[in-house]
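Presented below is the structure to which this report refers.
The values are calculated or read from the model by the stated rules, or taken from the named source; none is laboratory data. Keep in mind the model is a prediction, meaning the values are calculated, not measured. Here the Cβ is made from the backbone with ideal geometry for all residues, glycine too, and neighbour counts use every protein chain on show. Heavy atoms of the whole protein, side chains included, go into the accessibility calculation; ligands, DNA and RNA do not. Shrake-Rupley method; radii C 1.70, N 1.55, O 1.52, S 1.80 Å.
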Amino acid sequence: MNPVLKQMVYILSGVLFLFSFSGMLVYGYKTFYIAAEQPETQDYAYHFVLIAEEKDNEYWRLVEKGAKEQAEENDVYLEYVAPQKADNDEMLVLLDRMISAKVDGIMIQGVNGQRFVDLVHKGIERGIPIITVDTDVKSSERKAYVGTDNYYAGQLMGQTLIKHTSEEQHVGIVTGRFDAISQQERIEGLKYALESVPRIHIADIKESNITAVGASQAAYDLIKQNPQITALAGTSALDGPGIVEGLNEIAPNRNVFITAFDILPRTLELIKQDHIDATIAQYPEEIGHKALNVMLKLQSNDLVENEIFTETRVIQKKDLQTDHSGGIQ
Ligand code: BGC
């Protein structure tokens, strides 16, 4: 080959290589890097961290809001971190990282498995108070739990189904993640309540991956594979709206009794429009608020109340029309 041409080919390949390499770096950075906010922590009395299940999940943003309000009033820097998409391993990496960063306190959703228990032990040994929020892991050394009694919440869901349906029922369950303890407990509670009623049967359970799109797909598949389904129950915050969408696609005219979880605005709207029959309310802002208070107490007192259950109740259309709903409109 002509030497000039050869040189040109080399240069061109070099440029191409550099171009793809930098593209890979940018892509890799965007995909895997979880931005760590850089606080001026020395300006605050304490630096606490809230580790959520998924960063931009509306429910977790409310937990953050409640905690942040309380943090601002108490000279606390609150850092909010979470995987972009729910992922237990990533949460554990974050927990380990925050223990190494020697923050003053960690509030985290309880994670399934021994590794979580071991990490909590590591943090507590190093003098960092750790509490669970939203989901508990009783077998860990966490100092306290703040959140819904998830088993009870599942039972409430079951009782709602029993009370407001008649005749034979086949229930399809859409759950956030099989690998999340709160979801397992809610399903256990739900099953326990339904067990005593022979006319109600559980047809099948599918995961939504805690997204509305996932819940829509799950509801669609449930009905497709179990055409006898007469009721659908969603056990995490975005499942209700997703279920309504999925049902609309596969069987828009079928009368299905739908029970949802949480009181996010879209769920309440769907209750008002008669698309969702009932929802199990939990109060994420209150969870955040109370968790921050517990963490503050733990800065000077090693012993605090071990289990702080926040309110859980059933909300139906009738509760949204009057103002006896504790502020829910
Ligand atoms: C649960 C959270 C979950 C969220 C997902 C809530 O009902 O309490 O654990 O992360 O739903 O949207």
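I'd like the residue in segment 249-269 that is in contact with a strand residue (DSSP E or B) (Cβ under 8 Å, 6 or more places away or on another chain), aliphatic (A, V, I, L, M) and within 16 Å of the ligand (Cβ to nearest atom) and, out of all such residues, is most open to solvent (accessible area, probe 1.4 Å). Spell out the reasoning first.
So the first thing to find is which residues in segment 249-269 are in contact with a strand residue (DSSP E or B) (Cβ under 8 Å, 6 or more places away or on another chain), and the list is 256-263, 267-268.
If we keep only those that are aliphatic (A, V, I, L, M) too, we end up with 256, 258, 260, 263, 268.
From what is left, the residues that are within 16 Å of the ligand (Cβ to nearest atom) are 258, 260, 263, 268.
Numbers: ILE258: 2, ALA260: 0, ILE263: 38, LEU268: 22 Å².
Per the criteria, the residue is ILE263.
Of everything in segment 136-159 that is open to solvent by less than 10 Å² (accessible area, probe 1.4 Å) and outside any loop (DSSP other than H, G, I, E, B), the residue that is farthest from the ligand (Cβ to nearest atom) is GLY158.
Within segment 160-169, the set of residues being part of a helix (DSSP H, G or I) and in contact (Cβ under 8 Å) with a residue 24 or more places away in the chain comprises THR160, LEU161, ILE162, HIS164.
THR267 meets each of the listed conditions (1) closer than 30 Å to VAL137 by Cα; (2) without any contact (Cβ under 8 Å) to a residue 40 or more places away in the chain; (3) not in a helix (DSSP H, G or I) apart from (3).
For segment 124-135, the set of residues classified as outside any loop (DSSP other than H, G, I, E, B), of a type in the set (A, V, I, L, M, F, W, C) and more than 12 Å from the ligand (Cβ to nearest atom) consists of ILE124, ILE130, ILE131, listed by residue number.
Run down LEU247, LEU264 and say which single residue is under 21 Å from ALA153 (Cβ atoms), touching a helix residue (DSSP H, G or I) at 6+ places or on another chain (Cβ under 6 Å) and at pLDDT 95 or above. It would help to see each step written out before you state the result.
Working: LEU247 fails: under 21 Å from ALA153 (Cβ atoms).
Answer to the check: LEU264.
Being more than 25 Å from VAL174 (Cβ to Cβ) and not basic (Lys, Arg) holds for only one residue in ILE162, ILE131, and it is ILE131. Of a type outside the set (Val, Ile, Thr) and open to solvent by less than 10 Å² (accessible area, probe 1.4 Å), is that true of GLY110? For GLY110, the condition - of a type outside the set (Val, Ile, Thr) and open to solvent by less than 10 Å² (accessible area, probe 1.4 Å) - is met.
Pairing residues of segment 240-258 that are over 12 Å from GLY172 (Cα atoms) with residues that are assigned to a helix (DSSP H, G or I) and open to solvent by 80 Å² or more (accessible area, probe 1.4 Å), at Cβ distances under 6 Å and at least 6 apart in sequence or on separate chains, gives PRO241/ARG266.
What is the residue count in segment 170-203 for residues that are assigned to a helix (DSSP H, G or I), more than 12 Å from the ligand (Cβ to nearest atom) and out of contact with any helix residue (DSSP H, G or I) (no Cβ under 8 Å at 6 or more places or on another chain)? First the steps, then the outcome.
Going residue by residue through segment 170-203, those that are assigned to a helix (DSSP H, G or I) are 181-195.
Now restrict to residues that are more than 12 Å from the ligand (Cβ to nearest atom): 187-195.
Checking which are out of contact with any helix residue (DSSP H, G or I) (no Cβ under 8 Å at 6 or more places or on another chain) leaves us with 195.
Of the residues in that region, 1 qualify.
With the requirement that a residue be open to solvent by 40 Å² or more (accessible area, probe 1.4 Å), farther than 15 Å from ALA71 by Cβ and either in contact with a Phe, Trp or Tyr (Cβ under 9 Å, 6 or more places away or on another chain) or touching a residue at least 40 places away in the same chain (Cβ under 8 Å) (or both), what does segment 287-313 give you? The answer is ASP302, GLU305, ASN306, GLU307, PHE309, GLU311, ARG313.
Can you spot a residue in segment 23-34 that is modelled with pLDDT of 95 or more and of a type in the set (S, T, N, Q)? So far as segment 23-34 goes, no, none of its residues is modelled with pLDDT of 95 or more and of a type in the set (S, T, N, Q). Could you pull out the residue among ILE229, ILE210 that is part of a loop (DSSP other than H, G, I, E, B) and over 28 Å from ASN88 (Cβ atoms)? From the options ILE229, ILE210, the qualifying one is ILE229. Give me the residue from segment 52-77 that is away from the ligand (no atom under 12 Å from the Cβ) and not in a helix (DSSP H, G or I) and, out of that set, surrounded by the fewest Cβ atoms within 10 Å (Cβ to Cβ). Among them, the one singled out is ASP75. Whether a residue is of a type in the set (A, V, I, L, M), open to solvent by less than 90 Å² (accessible area, probe 1.4 Å) and either within 15 Å of the ligand (Cβ to nearest atom) or modelled with pLDDT of 95 or more (or both) was assessed, and ALA101 passes this test.
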